[in-house]
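Data first, discussion second: the structure below is written as structure tokens.
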Amino acid sequence: MRDAYHEELDSIGDGLVDMARLVGSAMGRATTALLDADLELAEGVIAADEKVDHLHHDLENRAIALLARQQPVATDLRIVVTSLRMSADLERSGDLARHVAKLARLRYPQSAVPADLHPIVLEMGQLAQRLVAKAGLVISSKDVDAALEMERDDDAMDALHRQLFSHLLDDRWQHGIETAVDVTLCGRYYERFADHAVSVAKRVVFLVTGEHADDFVPEPTGK
């Protein structure tokens, strides 16, 4: 029975890694749809979000069933409760990728992002993918050091977000109010996506150490 129980715990972790992979792919495809005004690709991202939602609900049901059947304590309890929270973070990440795709669909056949901002938005999309991929690795490896690096990695997204806003606030902006709103929303989606990846990594720190990431002090590696 204990072997089956720990296999189920491991399978919940595997499901979280699958969710991270799916939402990273979704954001990559949504970014392409946004910049290339690719309606078919945007529709595909929107439809595929159902799979992420299904995984989220399945993990939620399995975690709750484990709580009811096994009444875990200590580390095992942290694994189950933290997994529920990570699943919610990843499900929300999938929603944000869907929002980007919906913005692409809304402005089709034009791109919602002016051509001069394409490089920044492309970089934001690529960085979002890298961040959630790293979060997936952190989940599978339970690497606390890598998890703690994620907040610093997120600084690059914050810098890109500020760069995007500097264009919006520039007196030379010539793309109109509607496009400014689109770009503002777009930037917010990527910034929040990155925040959720960092949140996942922080939850891994808590899962492994029992301490919140903001309070955790790594042991010195040597004198």
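The values are calculated or read from the model by the stated rules, or taken from the named source; none is laboratory data. If you're wondering where the values come from, they're calculated on a predicted model, not measured in any experiment. A quick note on method: Cβ atoms are made from the backbone with ideal geometry, for glycine too, and the neighbour counts reach across all protein chains shown. Ligands, DNA and RNA are stripped out before the accessible areas are found, and what is left, the full protein with its side chains, is counted by its heavy atoms. Shrake-Rupley method; radii C 1.70, N 1.55, O 1.52, S 1.80 Å.
The residue pairs whose first member lies in the range 1-19 and is farther than 16 Å from VAL204 by Cα and at pLDDT below 90, whose second member is in a helix (DSSP H, G or I) and charged (D, E, K, R), and whose beta carbons are closer than 7 Å, counting only pairs six or more residues apart or on different chains, are GLU8/ARG62. Taken as a whole, the condition of being over 21 Å from ALA30 (Cβ atoms) and surrounded by 19 or more Cβ atoms within 10 Å (Cβ to Cβ) does not apply to LYS134. Counting only helices (runs of 4 or more DSSP H) that sit wholly inside the range 1-108, those with at least 1 residues that are over 30 Å from HIS212 (Cβ atoms), open to solvent by 20 Å² or more (accessible area, probe 1.4 Å) and among the polar types (S, T, N, Q) are 2-36. If you go through the range 120-136 and keep only what is aliphatic (A, V, I, L, M) and more than 13 Å from the chain's Cα centre (by Cα), you end up with ILE120, VAL121, LEU122. Screening ASP155 against (1) surrounded by 14 or more Cβ atoms within 10 Å (Cβ to Cβ); (2) at pLDDT 95 or above leaves a single unmet condition, (1).
Conditions tested, residue by residue: (1) closer than 19 Å to CYS186 by Cα; (2) under 17 Å from the mean Cα position of the chain (by Cα); (3) hydroxyl-bearing (Ser, Thr, Tyr).
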site: ALA26; (1), (2), (3): yes, yes, no
site: ALA47; (1), (2), (3): no, no, no
site: ALA63; (1), (2), (3): no, no, no
site: GLY94; (1), (2), (3): yes, yes, no
site: GLN110; (1), (2), (3): yes, no, no
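Just one of the listed residues (HIS196, HIS118, HIS161, HIS212) is modelled with pLDDT under 95 and in contact with a helix residue (DSSP H, G or I) (Cβ under 9 Å, 6 or more places away or on another chain), namely HIS212.
From the list ASP53, ASP36, ASP49, the one residue that fits, being touching a residue at least 40 places away in the same chain (Cβ under 8 Å) and closer than 25 Å to LYS142 by Cα, is ASP53.
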